[in-house]
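Structure first, commentary second.
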Amino acid sequence: MIVPQHISIIMDGNGRWAKQRGLERVQGHMEGVKSVRAVTEKCVELGVKYLSLYAFSEENWNRPGEEVSALMSLLAKCMINEYNTLMDNGVRFRVLGNRSRLAPELDEAITKLEKATENNPNTTMLIMLSYSGKWDIMQAARKLAETCKPEEITMEAIDNALVTAGVPDPELLIRTSGEQRISNYMLWQTAYTEFVFTDTLWPDFRKDSLVAAIEEYSRRDRRFGKVK
Ligand code: FPP
């Protein structure tokens, strides 16, 4: 099995998982947190350097207010409850996205957890929050417009202006719940990423599902536009 350096996941299907069981949507998100924990532990065990997770898109702000606040308070709770698990597993925690839209208390709790885990040596977990691919490219373009001459705007300069600066592009992107689209996720960074789609709903996606996705990735023939 070839283990990627960077695995990214569009975690989808929490709402449907809850609906199938006659539960509230937020209960699907709560069960989804258990999958986040399981998948992170497996990444540590396998030596995956980066695990990025699409937790909340810029478009998700348009969901009913009740669900947005339920998700935000679930995240705030995770900042407190997951501290020990992150430390025990040596996981570095970071949040990337349009942080200016987050409540100041949540943003502060995130910064605190980022600082507390910054020297952890194992997997770096990147929570993509209030993130969208087009927004990322736009904020990078604005930054470069302020600091660069046109000829200085190289591919590398763009890489370094994105919120994922310094993180290698994901070799594998997994999307759960049967949807087969990119949904304004990492548009620039997935130019040569292998996509694995699974019908499994996110709350049911656990360690064995991750291994199955990595096995599928291992069977792919990556040519990067060249002839082998
Ligand atoms: C997609 O399911 C999932 C989300 C929009 C949120 C993902 C959040 C979590 C798993 C919980 C917190 C995360 C972390 C990183 C601790 P959906 O609601 O779109 O499901 P549906 O398509 O079935 O309605």
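Coordinate-derived values only; no laboratory data. The structure presented is a predicted model; accordingly, all values stated were derived computationally and were not measured. Positions of Cβ are generated from backbone atoms using ideal geometry, with glycine treated the same way; all protein chains shown enter the neighbour counts.
Points worth noting:
- Sorting the segments 2-9, 184-191, 16-23 by their mean number of nearby beta carbons within 10 angstrom, highest to lowest, gives 2-9, 184-191, 16-23.
- Remark: region 26-123 is approximated by an ellipsoid whose semi-axes, taken from the C-alpha gyration tensor as √(5λ), come to 23, 15, 12 Å, largest first.
- E58 long-range amide H proximity, modeled H, under 5 Å: Y131, S132
- Note that region 151-162 has calculated 3J(HN,Hα) couplings of 5, 7, 7, 9, 4, 5, 5, 5, 3, 7, 9, 6 Hz, one per residue in order, obtained from phi through the Karplus relation 6.51 cos²θ - 1.76 cosθ + 1.60 (θ = phi - 60°); glycine and proline are x.
- Evaluated at q = 0.21 Å⁻¹: base-10 log I(q)/I(0), Debye formula over Cα of region 114-216: -1.21
- Amide H contacts under 5 Å for T124, placed H, 5+ residues apart: Y50, L51, R92
- Three-way shape label, the chain, alpha-carbon gyration tensor, a/c 1.5: rounded
- The spacing between region 145-224 and region 1-65, judged by their C-alpha centroids, is 15 Å.
- Farthest towards the positive end of the charge dipole of region 126-212, among the residues L210, T193, G133, is the Cα of G133, using unit charges on the Cβ of Lys, Arg, Asp and Glu.
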